[in-house]
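Structure, as structure tokens:
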Amino acid sequence: MKLKFAIIILLLSFTNNYGQENENPIEFSTLDSTIDILYSVISGDKGVERNKELFMSMFHPEAKLIATTTKDMAKALYFSPEDFSARNFDRMKEIGFYEREIYRVEESFGNIAHIWSTYEKDINGNRSRGINSLQLMFDGARWWIVNLFWQDETGSNPLPEKYLPKD
């Protein structure tokens, strides 16, 4: 009986609260590490495969990624992490894509956090900026991205000063 109990405890230590594998819980134990991994896993040179498993492991099972378009009228495009990676990772590998955080505004309460993460991205030498709005949840062991909502900067919609680096 004690052996069965020990095996169950051992097996539970390798999964998170949502039944997904959590091989490296330390990677998501802080907001900083979680955001750093987000940017690093989507960025890479042309020809470099993105780590889909690591990307997927960042997100809560019910997470949404939401792109905002601003062509004629603002519109939200919703993706699951699986849909986003299937739709974008091959293209990112084909063209080369880099995105990095240049400034952050962070607010937390209890087990939830909201981060405004100003980014700069580079696609084949074409640079642009925007803001990622992230909602995260701490489950007692690690942070989960619950929602990732972003919008690129445009000429008619520049980034506000409060979301830019202070020199």
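The values are calculated or read from the model by the stated rules, or taken from the named source; none is laboratory data. Because the structure is a prediction, the values reported are computed rather than measured. Positions of Cβ are backbone-derived with ideal geometry, glycine not excepted, and every protein chain shown enters the neighbour counts. Calculation scope for accessible area: heavy atoms of the full protein, side chains included, ligands and nucleic acids excluded. Shrake-Rupley method; radii C 1.70, N 1.55, O 1.52, S 1.80 Å.
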task = Would you please give the residues with an amide H less than 5 Å from that of residue 43, counting only those at least 5 places away or on a separate chain, with H modeled from the backbone geometry?
result = 99
remark   = Probe 1.4 Å, heavy atoms of protein chains only: per residue, the accessible area of the chain in Å² is 63
request  = Mind jotting down a quarter of the surface of the convex hull over the alpha carbons of the chain, in square nanometres, one decimal?
outcome  = 12.0
message = On a straight-distance basis, which aspartates and glutamates could pair with residue 52 in a cross-link, Cα separation under 13 angstrom, same-chain partners fewer than 8 positions away excluded?
response = 82, 83, 90
task = Please identify, among 118, 70, 34, the residue showing maximal mean-square fluctuation in a Gaussian network model of the chain using a 10 angstrom Cα cutoff.
result = 70
Amide H contacts under 5 Å for residue 102, placed H, 5+ residues apart = 118, 119, 120
task = Work out how much length residue 128 to residue 112 would gain on full extension: take 0.36 nm times their residue separation and subtract the Cα-Cα distance, in nm to one decimal.
result = 2.8 nm
As computed over the stretch 52-95, the Cα convex hull volume per residue (Å³) = 79
key: Residue-averaged 222 nm ellipticity for the chain, from DSSP H runs of 4+ at -39500 (n - 2.57), nearest 500   = -8000 deg cm²/dmol
task = Output the pairs from 71/166; 46/121; 75/121; 46/162; 64/121 with a Cα-Cα distance over 25 Å in this structure; if there are none, say none.
result = 71/166; 46/162
message = Just to confirm the number: angle between the C-alpha axis of helix 2-12 and the first principal axis of the chain, 0 to 90 degrees, nearest 10?
response = 0
ask   = Given the options 80, 117, 156, which has the most mean-square fluctuation in a GNM of the chain, springs set between C-alpha atoms less than 10 angstrom apart?
value = 156
ask   = Quick one: putting +1 on the C-beta of Lys and Arg, -1 on the C-beta of Asp and Glu, what dipole do you get for the chain around its Cα centre, in Debye to the nearest 20?
value = 220
